[in-house]
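So the structure is just underneath, and the comments pick up after that.
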Amino acid sequence: MTDGVSPQATPSPLPQETRTHWALRKVFAWSIWSRVVYGAAGVVFGVLFVLELGYLGVYRLTYALSVLNPLYQAFWVSLEVVAVILPVGFCLGFVIGWARTTRFVALRGLASAYVDFFRSMPPLALIFFFSLIAGLELRGSGVNPYDIRNLSLWMGVVALALHTAAYQAEIMRAGILSVPAGQTEAADAVGISRIRTMFVVVLPQAFRLSLPALGNEFSSSIKDTSLLNAIGWMELSGMALNLTSTSYTSHYVYASLVIWFEAAILYFVLTYVVTRAVRGIEDLYKVPGLEVAR
Amino acid sequence: MTSAIRVRGIRKAFGDLEVLRGVDLDVNSGDVVCIVGPSGSGKSTLLRCINLLVTPDEGEIYLGDVALTNPHIRPEWVRQQIGMVFQQFNLFTHLTVKKNVTLALRHVKHYKRKEAEKIAISQLTRVGLADKLNSYPAQLSGGQQQRVAIARALAMGPKAILFDEPTSALDPESIQDVLTVMRRLGEEGMTMVVVTHEMGFAKEVADRVVFFDAGRILEEGTPDEIFDRAGHERTQSFMKKILR
């Protein structure tokens, strides 16, 4: 250095990474654990903030807490319904979407008719049709009225599952069609039969391609369950409506705001869990080198 | 020399477009036959007809003594006998290199996983990619992908391999890697039909060169005959442009 050597010739070495450096980098790295920790911290702060507002008198805390419990009970009803609609809708949508791409004209026609019908019906109308028809058919048949009531309630859930299946069928079809023809051609060229090609080459790729759109449809159909209160389901929306109508008239607007705010949070939780799960599956199916951005 | 593949009077039309207009071709076993000619002349369609990816409208194709155009022949069986390598590689993007090679062994020949993997490793070693077993196709260069595709075709133990412009989508360096592998295959006595624009390769490796134009074979012969002493005016003008 003293003999005037230019700094470019002998670049000063990068500072050695210290243990603290390393530890800090680990802590702030966007790992799964830091996500959990940040998420939990965010929730705790949010809850504390909302409670604080209540203590400060922005809203009446005791009332807000008193409606939370029934809403929480109704949340589990919503979850129960979603747990039926999503798997049934997915399986049916998967099969129908596949049927729409087969060479068998009859099967394709049937699947197309299904999609055309269920996509063009408003979900509310479907719910009414299914539950009312079930009720009418069984009236006077000697079946326990309680069972008839139960069945017509669940027919409404079936209606929603069939509705989302139509949308998922179209998503699946788009996925299957977007697998390049070269893939099936290559499978043909090594002698793999058509049906096996479908299972080992086309469907795995189609599934990966349609996951983002499926997550979208899942979150949409979760919110469609709010229509079920029209036939008497006491799920999240049904309970929220019920609570608003039983609140004191002088507090109606205020009470509605608090109740629907809480219901909205619970819907958010439900949707967030499902869409995160879909994201997790997306990561599972990610092909190294194929997707640059995510 | 027995003929491995015999093509007799193949015709194929897509709608009004006549792509193949009566093609006769003999490929002796162990021979490398290069098909050259302008784009859109039906070279690829001919290859696809040979392993029944495209069904010809008329004519017969024989593999040894078996008429492949016989409707009782299962196309799946034909494709086990005749491998194919595509211009765009067409590797299964969602599977590792190893699985790309073993897929057909597992699902067509019903080999055990261990056996299939042993074959995959030996074939991948043959194309110089034994170290890429667990990579995905998207992580490989074009030339490497094409060599995996060749290994995939070889793994089925085919009697012949068809190459459909195997180097047209590659950079000059990768082209040489792929051609080296193909050259070695030819020397080892694999029957190969190669559609190519690589005239150097055709000159050096081919036993016979076929000049294809407008859906029929215009001329065929040894590389010298076709490249230097072409009889047909169309062939001469094509060669003049290609060879500068």
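The values are calculated or read from the model by the stated rules, or taken from the named source; none is laboratory data. Treat the numbers as computed from the prediction; the structure is a model and nothing was measured. Glycine gets a Cβ as well: all are built from the backbone with ideal geometry, and neighbour counts include every protein chain shown. Ligands, DNA and RNA are excluded from the accessible area calculation, which covers all protein heavy atoms including side chains. Shrake-Rupley method; radii C 1.70, N 1.55, O 1.52, S 1.80 Å.
Below are the figures for this structure:
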quantity	calculated
Matching residues, segment A:152-170, being more than 16 Å from A:A113 (Cβ to Cβ) and buried (at least 24 other Cβ atoms within 10 Å of the Cβ)	A:G156, A:A159, A:L160, A:T164, A:Q168
For B:H94: the one exception among (1) within 17 Å of A:Q183 (Cβ to Cβ); (2) assigned to a loop (DSSP other than H, G, I, E, B); (3) out of contact with any Lys or Arg (no Cβ under 7 Å at 6 or more places or on another chain)	(3)
Close pairs (8 angstrom Cβ cut-off, 6 or more residues apart or separate chains): open to solvent by 40 Å² or more (accessible area, probe 1.4 Å) in segment B:28-42, assigned to a strand (DSSP E or B) anywhere	B:N28/B:S3; B:N28/B:A4; B:N28/B:T191; B:S29/B:S3; B:S29/B:A4; B:S29/B:A160; B:S29/B:T191
Subset of segment A:127-149 (residues that are open to solvent by 60 Å² or more (accessible area, probe 1.4 Å) and in a helix (DSSP H, G or I))	A:F128, A:F129, A:L132, A:I133, A:L136, A:E137, A:P145, A:Y146, A:D147, A:R149
Residue list for segment B:1-48, filter: over 29 Å from B:L243 (Cβ atoms) and in a helix (DSSP H, G or I)	none
Residue in segment B:54-75 that is away from chain A (no Cβ under 14 Å), farther than 22 Å from B:A151 by Cβ and surrounded by 21 or more Cβ atoms within 10 Å (Cβ to Cβ) present	yes
Counted residues, segment B:28-47 - those being in contact with a helix residue (DSSP H, G or I) (Cβ under 9 Å, 6 or more places away or on another chain) and either of a type in the set (D, E, K, R) or under 24 Å from B:H72 (Cβ atoms) (or both)	1
Flag if B:N28 is within 14 Å of another protein chain (Cβ to nearest Cβ) and within 17 Å of B:T191 (Cα to Cα)	no
Residue in segment A:203-212 that is of a type in the set (G, A, S), open to solvent by 30 Å² or more (accessible area, probe 1.4 Å) and either in contact with a Gly (Cβ under 9 Å, 6 or more places away or on another chain) or within 14 Å of chain B (Cβ to nearest Cβ) (or both) present	no
Residue list for segment B:83-99, restricted to those being over 10 Å from B:S135 (Cα atoms) and facing chain A (nearest Cβ under 9 Å)	B:G83, B:M84, B:V85, B:F86, B:Q88, B:F89, B:N90, B:L91, B:F92, B:T93, B:H94
Qualifying residue in segment B:118-138 (condition: within 9 Å of another protein chain (Cβ to nearest Cβ), part of a helix (DSSP H, G or I), buried (at least 16 other Cβ atoms within 10 Å of the Cβ) and free of Cβ contacts under 8 Å to residues at least 12 places away in the same chain)	no
Selection from segment A:235-250 of residues that are open to solvent by 30 Å² or more (accessible area, probe 1.4 Å) and hydroxyl-bearing (S, T, Y)	A:S245, A:T246, A:Y248, A:T249, A:S250
When residues of segment B:78-117 are limited to those that are within 17 Å of the chain's Cα centre (by Cα) and more than 28 Å from A:L290 (Cβ to Cβ), the one surrounded by the most Cβ atoms within 10 Å (Cβ to Cβ)	B:I82
Out of A:L86, A:L124, A:L107, sole residue that is open to solvent by less than 50 Å² (accessible area, probe 1.4 Å) and of a type outside the set (D, E)	A:L86
When residues of segment A:251-294 are limited to those that are within 14 Å of chain B (Cβ to nearest Cβ), in contact (Cβ under 8 Å) with a residue 12 or more places away in the chain and in contact with a helix residue (DSSP H, G or I) (Cβ under 6 Å, 6 or more places away or on another chain), the one least open to solvent (accessible area, probe 1.4 Å)	A:E282
Number of the exception - B:L170 against (1) closer than 29 Å to B:A4 by Cα; (2) surrounded by 15 or more Cβ atoms within 10 Å (Cβ to Cβ)	(1)
Candidate set: segment A:171-193, residues that are without any contact (Cβ under 8 Å) to a residue 24 or more places away in the chain, among the aliphatic types (A, V, I, L, M) and out of contact with any helix residue (DSSP H, G or I) (no Cβ under 6 Å at 6 or more places or on another chain); chosen: the one most open to solvent (accessible area, probe 1.4 Å)	A:A181
Number of positions in segment A:86-103 that are farther than 15 Å from A:E170 by Cβ and in a helix (DSSP H, G or I)	4
Scope segment A:106-155; condition polar (S, T, N, Q) and touching a residue at least 12 places away in the same chain (Cβ under 8 Å); matching residues	A:S112, A:S131, A:S152
Residue list for segment B:154-171, restricted to those being assigned to a loop (DSSP other than H, G, I, E, B) and away from chain A (no Cβ under 11 Å)	B:G157, B:K159, B:E165, B:P166, B:T167, B:S168, B:A169, B:L170, B:D171
Selection status of A:D188, acidic (D, E) and within 14 Å of chain B (Cβ to nearest Cβ)	yes
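Residues are listed down the side, and each one gets a yes or a no for (1) open to solvent by 50 Å² or more (accessible area, probe 1.4 Å); (2) free of Cβ contacts under 8 Å to residues at least 24 places away in the same chain; (3) of a type in the set (S, T, Y):
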position: B:K203; (1), (2), (3): yes, no, no
position: B:F211; (1), (2), (3): no, no, no
position: B:I217; (1), (2), (3): no, no, no
position: B:G231; (1), (2), (3): yes, yes, no
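Every residue, every condition in (1) within 14 Å of chain B (Cβ to nearest Cβ); (2) of a type outside the set (A, V, I, L, M, F, W, C), yes or no:
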residue	(1), (2)
A:S141	no, yes
A:L151	no, no
A:Q168	no, yes
A:G175	yes, yes
A:Q183	yes, yes
A:S220	no, yes
